[in-house]
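Participant: I'd like to ask some things about the structure below.
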Amino acid sequence: MKPTECHEILDLVERAARGTLHLEDRARFERHVAACRRCADRLADARASIEFLAASPRPACPPRVVDVILARAMEESQAAAVHAAPIERARRVLSWPRTWRLAPALGLAATLLLVLWTQRPAPSPSVADGPSATTGDRVNGMQAVEAARETRVALRILAGALQHASETANEEVGAGLARPVLRGLVESIDRLPAPFDGMTTRTAETDRT
Amino acid sequence: MDHESFTELVGEHKDVVYALALHLCGSREDAEDVVQDAFLAYWRHGDGVPREAARPWLLRVCRNACIDRLRRTRARRTELVGLIGEERLGSHELALSDGGREAGDVESSVAFAEIVRVLGALDEPGRSVVILRDVLDLTYEAIASTMDMSLPRVKVTLHRARRRLRARLEIASQVQP
């Protein structure tokens, strides 16, 4: 028997085993099986398996299983909703349109911080430096103190204006985020003057002595 | 996926998934656990699965879970046989299985126990393919999709598993008077 013929007959074996073979195929199939030991065995195997497993029960899934599945799915979705609430809120706060409205204030705050950092005073001569500090060092130190004082005033005005703007924009979610940043900025500027003021006096006294 | 669609999906596929689990695990309790896990896995991760592919997906998850359980059970049994011996363990299991039966339960009938025993003697993936084809009446295409196999491979696997099953049945009939 040619293998190609066996291959063609393969689907018919399945149908024959299930008793659904078409009448027009029956003669060809029976002729082939009578002559082909392999296909006869295939048919016997398929019949044995189908007949044996036909007796197998197919009980419906118990309703209690379905109840458990649906209840647990519901519980999990509720738990997930509770867990996702803060994340969702943060996502809304940081969503692009709101962040965009806040961008100028944040940009200004960042610029102020940068300016503060770059304008920090250089080490100045003091009484402790004694006779080793030259007149040139003292002049440079005084100039640095003056520059820092002017910068402080400018920064204080800018930061105060920004803080005022953020506090008046109560409805903006972004303003809520900017407010503490700006408040911290103003406080840090306010903390700056004390050492500078004393330093000028000390330098002048040192010059007199 | 919303809860309503999920309820609909469970109603549509629960019986076929349960039948596969029952025939693979051979125990009602295990089958119920596996079915629950399979559907909840779909609830958690099934968003990317198209609706028409839900059945093969569920059957695949169910089959993998059953195979894992069987592997663990066999490993435990081997340990117990080493500890108390095959004979004592066998009589203990028989007492347990008799006690677990409920009147009218097809899952715990003697005929079903025999079917599970014969199917259990087959290797994977042949056993799964035989169950999908000869118990659940799935088409070759559906089996190929569930088992992630090509159609010719499904046919060859089915044929080999049936041959083995028939040989088992013949041996059993010779042993019985």
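Participant: So is B:D137 more than 19 Å from B:R55 (Cα to Cα) and in a loop (DSSP other than H, G, I, E, B) or not?
Facilitator: No.
Residue by residue, here is whether (1) touching a residue at least 12 places away in the same chain (Cβ under 8 Å); (2) among the polar types (S, T, N, Q); (3) assigned to a loop (DSSP other than H, G, I, E, B); (4) touching an Asp or Glu at 6+ places or on another chain (Cβ under 7 Å) holds:
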position	(1), (2), (3), (4)
A:L12	yes, no, no, yes
A:T20	no, yes, yes, no
A:E24	no, no, no, no
A:H32	yes, no, no, yes
A:A40	no, no, no, no
A:L43	yes, no, no, no
A:E51	no, no, no, no
A:V66	no, no, no, no
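Participant: Which condition from (1) part of a loop (DSSP other than H, G, I, E, B); (2) buried (at least 19 other Cβ atoms within 10 Å of the Cβ) is the one that B:E124 breaks?
Facilitator: Of the numbered conditions (1) part of a loop (DSSP other than H, G, I, E, B); (2) buried (at least 19 other Cβ atoms within 10 Å of the Cβ), the odd one out for B:E124 is (2).
Participant: So is A:S124 surrounded by 15 or more Cβ atoms within 10 Å (Cβ to Cβ) and at pLDDT below 70 or not?
Facilitator: yes
Participant: The conditions are (1) surrounded by 13 or more Cβ atoms within 10 Å (Cβ to Cβ); (2) over 21 Å from A:C6 (Cα atoms); (3) not acidic (D, E), and B:S173 fails exactly one of them. Which is it?
Facilitator: (1)
Participant: In the range B:24-42, what residues are at the interface with chain A (Cβ under 7 Å from one of its Cβ atoms) and either closer than 19 Å to B:G126 by Cα or crowded, with 24+ Cβ neighbours inside 10 Å (or both)?
Facilitator: B:V35, B:F39, listed by residue number.
Participant: Being more than 11 Å from every other protein chain (Cβ to nearest Cβ) and assigned to a helix (DSSP H, G or I) is the filter; apply it to the range B:140-150 and report the residue that is surrounded by the fewest Cβ atoms within 10 Å (Cβ to Cβ).
Facilitator: B:E141
Participant: Please give the number of the condition B:T157 fails out of (1) over 17 Å from B:N64 (Cα atoms); (2) more than 12 Å from chain A (Cβ to nearest Cβ); (3) modelled with pLDDT under 90.
Facilitator: Among (1) over 17 Å from B:N64 (Cα atoms); (2) more than 12 Å from chain A (Cβ to nearest Cβ); (3) modelled with pLDDT under 90, B:T157 violates only (3).
Participant: Return the residue satisfying two criteria in turn: it lies in the range B:1-23 and is facing chain A (nearest Cβ under 8 Å) and buried (at least 19 other Cβ atoms within 10 Å of the Cβ), and of such residues it is farthest from A:I69 (Cα to Cα).
Facilitator: If we take residues in the range B:1-23 being facing chain A (nearest Cβ under 8 Å) and buried (at least 19 other Cβ atoms within 10 Å of the Cβ), then B:H23 is farthest from A:I69 (Cα to Cα).
Participant: Right, something else. In the range A:1-46, what residues are surrounded by 10 or more Cβ atoms within 10 Å (Cβ to Cβ), among the basic types (K, R) and more than 30 Å from B:I131 (Cβ to Cβ)?
Facilitator: Listed by number, the residues that qualify are A:R28, A:R31.
Participant: For the range B:97-153, which residues satisfy the criterion of being at pLDDT below 80, more than 19 Å from A:S56 (Cα to Cα) and among the aliphatic types (A, V, I, L, M)?
Facilitator: Hits for the range B:97-153: nothing passes.
Participant: Scan A:L106, A:L102 and give me the residue that is under 27 Å from A:V186 (Cα atoms), at pLDDT below 70, touching a Gly at 6+ places or on another chain (Cβ under 9 Å) and in a helix (DSSP H, G or I).
Facilitator: None of the other options fit; the residue is A:L102.
The values are calculated or read from the model by the stated rules, or taken from the named source; none is laboratory data. From a predicted model like this one, the values you see are computed outputs, not experimental measurements. Quick reminder, even Gly has a Cβ in these numbers, built from the backbone with ideal geometry, and neighbours come from all protein chains shown.
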